[in-house]
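Trainee: Below: one structure in structure tokens.
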Amino acid sequence: MLKAISISSFTCLCIACIGHSQTVSTVQFQYHSISSSIQADSATQQWLKPYNDSIEKYLNTTIGFALENVYKGKGGGALGNLVTQAMLHQAQTKTGTTIHAAMLHPASIKGYLAQGNITIGSLTQLLPYNNQLVIVSISGLHLTQFIQQMAADGGWPICGIKYNITPQGNATNIYINNEPIIPGNTYQIVVTDYMKNGNYKCEILKLLPQVSLNTNLRESCKVYIESFTNNHEPLAINKVSPINYVYE
Amino acid sequence: MNRRDFITSTAKAGLLFSLPIIPNKFLWVDGSTITFTLLHTNNLQSNLFPVKNEYDTERHTGGIGAHKKVIDDIVKNNPYTLLVDAGDFCGDGPVFDTFKGKAELEALKYLGYHAFTLGEKDFMAGIDHLANNLTLTGMKPVVSNYDFTHTALQNCYEPYKIIEWPNLKIGIMGIVLPLHDKISIPDKEKIVYLDAVEQANTTANYLKQKNCNMIICLSHLGDRYSDGNLSDEILAKNNYDIDVIVGGHTQRFFKQPRIYQNKSSGYTIVNQAGWGGVQLAQLDFEIDNKMNKNLLRTKNFLLKEKKNQ
């Protein structure tokens with residue numbers, strides 16, 4: 001039984017032209033909230049059951065083991081390192097070429113990775129978005145500008161690049177694979193399509209050439225974690241931050 | 001309350017709102033009116049199951065179960081009910097990871113949707129996979145502003161759709177946002193974007209010539225943008241014959257529709273219903289045989305599903 005508990009009404013006075021005459025009339029807008037919880041009828045429950053069973057089975061699939069809790073932290077933390085390492089690993093495996101660095105918008109990671117079995121379900125909670133991975137060709141000049149943008153935002157998860165952030169939010173001592181960035185060089189970086197499409201402080205990436213990897217962020221992490229499991233190794237966690245916050 | 005009681009009581013309360021007259025060859029045989037109900041969703045995003053509230057795990061909103069109950073109840077009370085969706089029936093999460101859009105299409109079919117359009121997320125599994133799912137489920141999205149001729153989608157969509165009841169004919173079109181910078185899939189350059197406003201006007205005019213009593217546009221453009229990007233607002237102000245734009249993409253929970261004056265000095269209504277199937281929007285119109293269409297009332301249902309006991 002449906003029951004409306006809250007109804008907000010808005011009345012709007014409108015003038016509408018009808019032929020050559022004008023009519024002044026009102027329309028009431030009602031906001032109905034269905035409060036009584038609705039239980040799916042048995043036919044619908046029956047219809048949903050095979051889907052529910054398949055998803056439960058999929059989410060409960062164990063793909064690896066974490067020896068300890070892994071947290072996001074400032075600038076990405078150990079969890080940011082793990083995810084960007086997975087991106088870089090997948091990009092290099094899929095392309096068979098040198099990919100210089102991986103970067104990720106921090107909001108792509110939610111919560112933390114809990115100690116114990118890692119399941120598809122826990123990975124889905126960690127990385128809820130189906131962000132696709134793309135390789136972007138970027139000049140050293142633009143890459144430096146992008147890193148400055150990330151530094152001003154407090155530092156984003158990153159792999160393959162090290163730098164300092166000053167109290168003013170500037171990036172200094174930037175190194176890519178332990179070499180200074182050369183403005184005229186072209187670098188290959190792996191990012192998400194969300195970033196490549198120029199969203200949130202990634203405008204600089206929008207017009208650059210890209211190659212799609214035909215895989216998403218979560219799948220990359222799954223493959224990366226499984227690579228340890230398949231070798232009977234615990235998941236390696238790098239706790240060393242590639243970003244050094246300099247306090248003068 | 002039956003249809004007649006509803007119309008009478010609403011009219012007595014002075015709640016009639018007149019929409020523009022669209023000249024067409026009307027189908028009425030007597031002087032009665034029909035109450036037409038438009039039910040709509042957008043951005044369902046693979047939420048077959050209720051969306052969990054991250055702050056209150058006991059509260060779940062949306063889900064197929066709640067949807068089915070509310071829809072069935074409304075259709076039972078008014079057979080002149082149209083159920084439509086404005087795109088992004090697929091979305092991030094385990095349902096999509098497991099079924100890649102097929103279960104989502106089967107859910108639209110199970111719930112009895114009359115028409116739906118596409119959003120950028122519906123392409124996540126790739127063009128060929130989407131086409132395969134559409135073929136397997138027998139579902140066809142309405143897309144009026146894309147040319148899919150050189151892709152697997154070429155026979156899997158309709159540029160417009162007309163739904164008929166006795167004495168009532170509703171024309172539907174679908175307008176999808178420019179996709180190319182929103183998706184990262186193989187062969188995306190083979191799908192050809194056609195100017196949304198131009199195609200909307202051409203299609204609406206065609207539906208008008210087909211004597212549709214009301215013309216509805218399912219839009220995945222987004223309601224409006226501060227940078228002036230193409231939106232439902234721009235389409236509403238620059239069309240001639242569209243009565244209602246059912247919006248999506250921007251995932252806004254409208255409390256009431258926005259009403260714009262269009263190019264033919266009439267009005268176009270824009271409405272949107274949030275995301276995830278959390279909200280179901282209802283617009284009730286009165287349509288008479290003198291070519292008048294009146295918006296009687298709007299409702300927004302916030303759906304909650306009870307857990308199994």
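Trainee: Just order B:93-100, A:52-59, B:129-136 by mean Cβ neighbour count inside 10 Å, highest at the front, would you?
Mentor: Numbers: B:93-100: 20.8, A:52-59: 14.8, B:129-136: 18.2.
Per-residue Cβ counts within 10 Å, averaged per peptide and sorted highest first, yield B:93-100, B:129-136, A:52-59.
Trainee: Give me Rg/Rg_expected for the stretch B:35-290, where Rg uses Cα atoms only and Rg_expected = 2.2 N^0.38 Å with N residues.
Mentor: Rg over 2.2 N^0.38 Å, computed on Cα atoms: 0.95.
Trainee: Place the peptides B:222-229, A:99-106 in order of packing, highest mean first, counting for every residue the other Cβ atoms within 10 Å and averaging per peptide. It would help to have the intermediate numbers written out before the result.
Mentor: On the way: B:222-229: 12.9, A:99-106: 23.1.
For the peptides B:222-229, A:99-106, the packing ranking is A:99-106, B:222-229.
Trainee: Show me the chymotrypsin sites (Phe, Trp or Tyr not before Pro) within the stretch A:186-248 that DSSP assigns to loop and that have at most 15 other Cβ atoms within 10 Å of their Cβ.
Mentor: Numbers: sites: A:Tyr187, A:Tyr194, A:Tyr200, A:Tyr224, A:Phe228, A:Tyr245, A:Tyr247; in loops: A:Tyr200, A:Tyr247.
Those satisfying the criteria are A:Tyr200, A:Tyr247.
Trainee: Once label points are set 7 Å from the Cα along Cα→Cβ at both A:Lys57 and B:Val75, what is their separation, rounded to one decimal in nm?
Mentor: In this crude spin-label approximation the distance works out to 3.0 nm.
Trainee: Using only Cα atoms, what is the ratio of the radius of gyration of the stretch A:62-245 to 2.2 N^0.38 Å? It would help to have the intermediate numbers written out before the result.
Mentor: Details: Rg = 15.6 Å, N = 184, 2.2 N^0.38 = 16.0 Å.
That works out to 0.97 for the stretch A:62-245.
Trainee: Percent of Cα-Cα pairs per 10 Å bin, from 0 to the last occupied bin, for the stretch B:171-263, please list those.
Mentor: Over the stretch B:171-263, the share of Cα pairs per 10 Å bin runs 16, 47, 29, 8, 0 percent.
Trainee: Which order do the peptides B:167-176, B:293-302 come out in when sorted by mean C-beta neighbours inside 10 angstrom, highest first? Kindly include the intermediate steps, with their values, before the conclusion.
Mentor: Details: B:167-176: 24.7, B:293-302: 21.9.
Top to bottom by mean Cβ count within 10 Å: B:167-176, B:293-302.
Trainee: Could you quote the convex hull projected area for the stretch B:131-180, Cα atoms only and averaged over all directions, in nm²?
Mentor: On the way: hull surface 16.9 nm².
Mean orientational projected area (the stretch B:131-180, Cα hull): 4.2 nm².
Trainee: Per residue of B:61-72, what is the mean number of Cβ atoms on other protein chains within 10 angstrom of that residue's Cβ? Write out the running numbers ahead of the final one.
Mentor: On the way: counts 1, 0, 4, 6, 8, 7, 3, 7, 8, 3, 0, 2.
Partner-chain Cβ atoms within 10 Å, mean over residues of B:61-72: 4.
Trainee: For the stretch B:79-196, I need the span (max minus min coordinate) of the C-alpha atoms along each principal axis, in Å, sorted largest to smallest.
Mentor: 45, 34, 20
Trainee: Here's a follow-up. Based on alpha-carbon centroids, what's the gap between the stretch A:195-243 and the stretch A:149-173 in Å, whole number please?
Mentor: Between the Cα centre of the stretch A:195-243 and that of the stretch A:149-173, the gap is 18 Å.
Trainee: If I model a spin label at A:Ile182 and A:Gln149 as a point 7 Å from the Cα along the Cα→Cβ vector, what separation in nanometres do I get?
Mentor: Here the modelled spin labels are 2.5 nm apart.
Trainee: Scattering from the C-alpha atoms of the stretch A:178-248 alone, worked out with Debye: what is log10 I(q)/I(0) at q = 0.15, 0.17 1/Å?
Mentor: Normalising to I(0) and taking log10 leaves -0.86, -1.01.
Trainee: Farthest toward the dipole's positive end in the stretch B:35-290, which of B:Asn167, B:Gly126, B:Phe116, given Cβ charges of +1 (Lys, Arg) and -1 (Asp, Glu) about the Cα centre?
Mentor: B:Asn167
Trainee: List residues of the stretch A:108-128, by number, whose backbone nitrogen lies under 13 Å from a label position 7 Å along Cα→C-beta of A:Phe228.
Mentor: In the stretch A:108-128, the label zone of A:Phe228 (backbone N under 13 Å from the point 7 Å along Cα→Cβ) covers A:113-119.
Every number in this text was worked out from the coordinates using simple rules, so none of it is lab data. Predicted model only: the values in this text are computed from it and were never measured. Glycine also receives a Cβ, built like all others from the backbone with ideal geometry; neighbour counts cover every protein chain displayed.
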